[in-house]
Amino acid sequence: MAKKTYDLLFKLLLIGDSGVGKTCILFRFSDNHFTTTFISTIGIDFKIKTVELRGKKIKLQIWDTAGQERFHTITTSYYRGAMGIMLVYDITNEKTFDDIVKWLRNIDEHANEDVEKMILGNKCDMEEKRVVSKERGEAIAREHSIRFMETSAKANINIDRAFSELAEAILDKTSGREADADHARIAVERRPSRAPPTRACCT
Amino acid sequence: MSLQKARIQVFDEALGKDVIDLEYLRELAFQGIPDANGLRPLVWRILLLYLPLEKNLWKSTLQQKRQHYRNYIEEIIVSPGGPSDHPLNVSPDSSWSAYFKDNEVLLQIDKDVRRLCPDISFFQLATEFPCPEIAYSNGVKRLHRRVQQSVLRFSTLERRGLGVAKLSNEIRRKDTHAGDYAPLREGREAHWEVVERMLFLYAKLNPGQGYVQGMNEIIGPIYHTFACDPNIEYRRYAEADCFFCFTNLMAEIRDFYIRTLDESSSGINNVMVKLSECLKKNDPMIWNLLEVQELRPQYYSFRWLTLLLSQEFSLPDLERIWDTLFADAKRFDFLICICCAMMYLIRHEILHGDFASNVKLLQNFPPMDVSLILNKALDISKKQNRVNFTVCTLDPTRPCLVGCTRTGATHSRRVAGNSATS
Ligand SMILES: Nc1nc2c(ncn2[C@@H]2O[C@H](COP(=O)(O)OP(=O)(O)OP(=O)(O)O)[C@@H](O)[C@H]2O)c(=O)[nH]1
Ligand SMILES: [Mg+2]
């Protein structure tokens, strides 16, 4: 058995319509590389990356799911164990943005209540093909009190940042819980009103 | 005479009969079809029950089927007719909305065929036999044109009802990001466009299933085999023949692709359970370890089974595996044995791995001589059959699958996403 080389293990999940770039995002993050030649994800894929946050070694176990409807029974079974979920849409495709609501409902139904969420508007390198404005992305994120970022797996914009912010949010929660049960309760209660950081990017 | 030559001769003899002995042909093909004289595409046509066993019916069958296929193209793609094309059409909305619904399906197909077999250039190359009505249509009839429109100009098109031709000009200017999959010049068609057309027709003709991701990975290798046939008379009709072979194959595995059947006896969950049971019986140690690690079969075997292993092996290796699968009379019992053999052959790594490394290992099956896998699978299958007292369709006197496999390109087709940092 491999020796334990990390302090914490976080399970993350990537969801969103087919073709929005989930696999590319994950590949950019894990291998720092972009290729247009990915085959479509069938079922579920898996990657590991260890990051360091606040002096702690954190092993991220990231599950990349298939986007198409047919795979939902398979993929929703992974929601339960996830501590963080990245919900991806494609800024050049209106439908993938409209479907965010559907994906959020899926999260509500299948994931842990306190799962950390983040919405990513991917392909922000394709400004000339943009159909979903950044403001609309920010608005829907604000409405649901979720973090938001625009990303590009191709141009390597905000990819590392997205993952570390999500990991940090989970870390906040976990370390709070470890240190002091009361504190954790407060953190949970406070959560819904906390404004999500909707940072500028892609400019 | 070399082994290869002898095997070719055996096949030639089997195919030379007036009425082909299917049982015998299956037995031969089970051990691999020689990669020569267009034997594989021909035998696949028979094993997939496209060509009848009576050879005197071949000509008329092929003529008839190929004509059907031409009609499908004509009716569904070239001139779909209906009210939308009629100038006095009274209900433009309904026909337009059907058009857009089709485009949603098409959009998914389009994304997937562009991502098909990225490690080989075949699908980007021009076919020798484009569909003239489409290839010479000023781009108008090309299916992918339709989706580029629906992506970019969905609302404009719907609102103003602009002519398709006019829009496609607008798109052409805008599209600067076509990459390798840029449409070929007028009169030519790439193989991926052919695959796109077949999948679209399939979705239209089988509305209950539509298009499900993964179908591209089933039709791709069949089409590749047919389109590389050295016999030009067969190659010319690779598309039509592939379409029907794919349709027949899907009839056997379609339940894997239907979400509402996941829990039924023919659905994918049950097949995954069968694999798990097979593993438990044949390698209880591995089975147990994976249980303890909570490494569920669906993490890896969902894809193995629904795609008939098409993403796990290089194309030549896959063709060899499919020879055996298509020859399996009780399709696809042997598939489970193959999957089980794959796990058995990496049992050493599995036993030393933790959860994460084992998921990675199983999701990126290491390069391996396929004949090794198939022989092990045969052992498992024999054992299974003895236990279950079911009739074995294989000749029990045959010690193993003789090696007419081609090794060499043994890397998996899942190239790009293979490495992972940890
Ligand atoms: N321009 C641009 N294209 C991207 C970007 N990310 C992904 N793509 C393209 O989008 C296509 C689909 O990306 P994938 O990562 O395979 O999509 P997916 O979300 O994993 O899709 P499924 O596996 O079918 O659910 C790829 O072929 C890429 O070329 C990006 O940041 N910018
Ligand atoms: Mg993917």
Note on region B:175-274: alpha-carbon gyration tensor, axes a ≥ b ≥ c; rule is a/c under 1.5 for rounded, else prolate if a/b larger than b/c, else oblate; result prolate
For B:K5, the lysines lying under 23 Å Cα to Cα, once residues fewer than eight places off in the same chain are dropped, come out as B:K17
FRET efficiency (B:W58, B:Q293; Cβ distance; R0 56 Å; to 0.05) is 0.60
Any GluC sites (Glu not before Pro) in region A:60-165 that lie in a DSSP loop and have at most 16 other Cβ atoms within 10 Å would be A:E113
Residues whose modelled amide H sits under 5 Å from the amide H of A:H33, counting only those 5 or more places away in sequence or on another chain, are A:R28
Here the whole-number average of other chain Cβ atoms within 10 Å per Cβ of B:205-215 is 3
Among region A:63-88, those whose backbone N falls under 18 Å of a label point 7 Å along Cα→Cβ from A:E143 are A:87-88
Mean per-residue count of partner chain Cβ within 10 Å for A:68-76 equals 6
Residues whose built amide H sits under 5 Å from the amide H of A:F46, excluding neighbours closer than 5 in sequence, are A:D64
Taking a ≥ b ≥ c as the square roots of the eigenvalues of the Cα gyration tensor, with a/c under 1.5 meaning rounded and otherwise prolate when a/b exceeds b/c and oblate if not, region B:216-339 is prolate
Residue by residue through region B:353-363, the couplings from Karplus 6.51 cos²θ - 1.76 cosθ + 1.60 with θ = phi - 60°, in Hz, x for Gly and Pro, are x, 8, 3, 5, 5, 6, 4, 4, 4, 6, 7
Spelling it out for A:I85: with amide H atoms placed in the peptide plane at 1.01 Å from N, the residues 5 or more places away or on another chain with amide H under 5 Å from its amide H are A:L13, A:E116, A:K117, A:M118
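FYI, it's all coordinate maths here, none of it is from the lab. Remember, predicted model here, so these are calculated numbers, not experimental data. Here the Cβ is made from the backbone with ideal geometry for all residues, glycine too, and neighbour counts use every protein chain on show.
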